[in-house]
Amino acid sequence: MTALAVDLYSDTITRPTNAMRQAMANAEVGNEQAGEDPTVNKLIEMVAELTGHESAVFLPSGTMCNAIAYRVYCRQGDSVIMDQLAHPIHAEAGGPAALSGCMITQLDGGRRGVFSGASVDQAMKPYKHNRPVPKLVSIEQTSNFGGGACWTLDEVKDVAEASKRHGLAMHMDGARLLNAVEATGTSAQKFASNCDSAWIDLSKGLGCPVGAVLVGSRDFIEESWRWKHQFGGAMRQSGIIAAAGVYALQNHVERLADDHINAKRLAQGLMQIPGIEVDPEEPETNMVFFDATATGIDNYEMSEKLLQKGIRIGAGYGPKDLMRAVTHLDVDASGIDLALSVIRDVVAGRD
């Protein structure tokens with residue numbers, strides 16, 4: 001494979017900076033399972049405070065955060081209400097069914113993965129013995145397959161109120177919550193405090209090599225520990241990786257704005273290339289979805305051609321099989337310009 005010059009496949013491919021690596025090397029560690037790792041304890045305290053929740057647990061991945069939340073709230077045959085574009089439906093290997101035995105009630109939110117309290121109301125049916133019982137509403141901030149769309153605080157509150165009306169718990173998949181914070185100016189605490197549980201990912205825009213932190217009430221987190229063990233998430237001297245999260249929260253949050261600026265730069269450049277359609281034209285955060293088929297090259301072929309020239313952008317996202325470029329701390333403005341130059345050459349048929 002040609003050496004990669006610009007990798008826009010995902011923000012999950014970020015590499016820890018030298019300063020982050022040094023923080024990891026210097027981390028104090030202990031037995032996390034006994035609550036004795038000081039660096040893990042510092043990280044979970046930081047995230048609990050950041051989100052306005054009582055307690056937190058450090059986990060290997062955001063997917064495990066979702067899996068544990070669904071397992072806590074649901075019994076086999078119960079249902080979780082979420083948008084039809086939600087990540088657990090499309091990219092968590094059937095985890096809700098396999099690990100929690102729960103059904104998914106899919107909503108057509110109408111705004112790129114964002115739905116309303118009225119949609120929750122409509123999903124509720126009079127109880128009958130032959131229907132799955134809804135127990136949880138799950139929202140995704142930002143909406144990945146919705147193009148990185150942000151929920152507004154009013155939208156979150158609207159769904160929270162509907163959830164309470166129906167006696168449902170509410171969970172936030174906060175994979176890119178801090179991108180939404182940076183884009184909207186609304187604090188993580190204001191977003192997350194409307195939810196019974198939430199989590200933030202450390203391995204995306206924050207640039208850590210691994211990890212996520214799940215938050216909720218003390219009782220919720222206490223029960224989450226059981227499922228952490230059962231799902232294989234037990235860790236020992238995990239302060240080495242938790243140190244990356246501590247460093248990121250102290251140093252990498254504000255720089256998320258740079259990724260959003262670069263995403264807009266990419267979108268604006270793509271719109272100037274004949275046959276490229278950007279959807280939507282104005283990205284809200286760090287994701288740019290676009291369609292190259294009108295150039296005469298389908299999205300999968302375009303992805304392959306770009307990869308041969310050192311530019312990696314994925315294809316096959318959403319119902320339209322769009323291309324998706326994700327900006328992150330390893331790609332600067334010059335990298336965006338290089339990617340645009342190569343895309344122009346491919347569309348023009350230049351070798």
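The values are calculated or read from the model by the stated rules, or taken from the named source; none is laboratory data. In this text the structure is predicted, and so the values were computed from the model without any measurement. Positions of Cβ are backbone-derived with ideal geometry, glycine not excepted, and every protein chain shown enters the neighbour counts.
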| said: Can you pull out every residue in the range 265-313 that is in contact with a strand residue (DSSP E or B) (Cβ under 9 Å, 6 or more places away or on another chain), among the small types (Gly, Ala, Ser) and surrounded by 18 or more Cβ atoms within 10 Å (Cβ to Cβ)? | reply: 267, 292, 303
| task | Please specify each residue of the range 262-296 satisfying the condition of being in contact (Cβ under 8 Å) with a residue 24 or more places away in the chain, touching a helix residue (DSSP H, G or I) at 6+ places or on another chain (Cβ under 8 Å) and not in a loop (DSSP other than H, G, I, E, B). | result | 262, 265, 266, 269, 270, 287, 288, 290, 291, 295
| Just for the range 224-234: of the residues that are in contact with a strand residue (DSSP E or B) (Cβ under 9 Å, 6 or more places away or on another chain) and in a helix (DSSP H, G or I), which one is nearest to residue 138 (Cα to Cα)? | 224
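For the range 95-203, please list each of the helices (runs of 4 or more DSSP H) lying entirely inside it that holds at least 1 residues being under 29 Å from residue 241 (Cα atoms) and in contact (Cβ under 8 Å) with a residue 24 or more places away in the chain.
Working: elements: 95-100, 117-123, 153-165, 177-184, 188-192.
Answer list for the range 95-203: 95-100, 177-184, 188-192.
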| For residues in the range 202-245 being touching a helix residue (DSSP H, G or I) at 6+ places or on another chain (Cβ under 8 Å), surrounded by fewer than 23 Cβ atoms within 10 Å (Cβ to Cβ) and among the β-branched types (Val, Ile, Thr), which is farthest from residue 180 (Cα to Cα)? | 240
| Of these, 259, 330, which one is under 18 Å from residue 6 (Cβ atoms) and in a loop (DSSP other than H, G, I, E, B)? | 330
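Listed here are the residues, each with its yes/no results for (1) modelled with pLDDT under 95; (2) over 30 Å from residue 125 (Cα atoms); (3) not charged (D, E, K, R).
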site: 173; (1), (2), (3): no, no, no
site: 178; (1), (2), (3): no, yes, yes
site: 197; (1), (2), (3): no, no, yes
site: 204; (1), (2), (3): no, yes, no
site: 208; (1), (2), (3): no, yes, yes
site: 213; (1), (2), (3): no, yes, yes
site: 219; (1), (2), (3): no, no, no
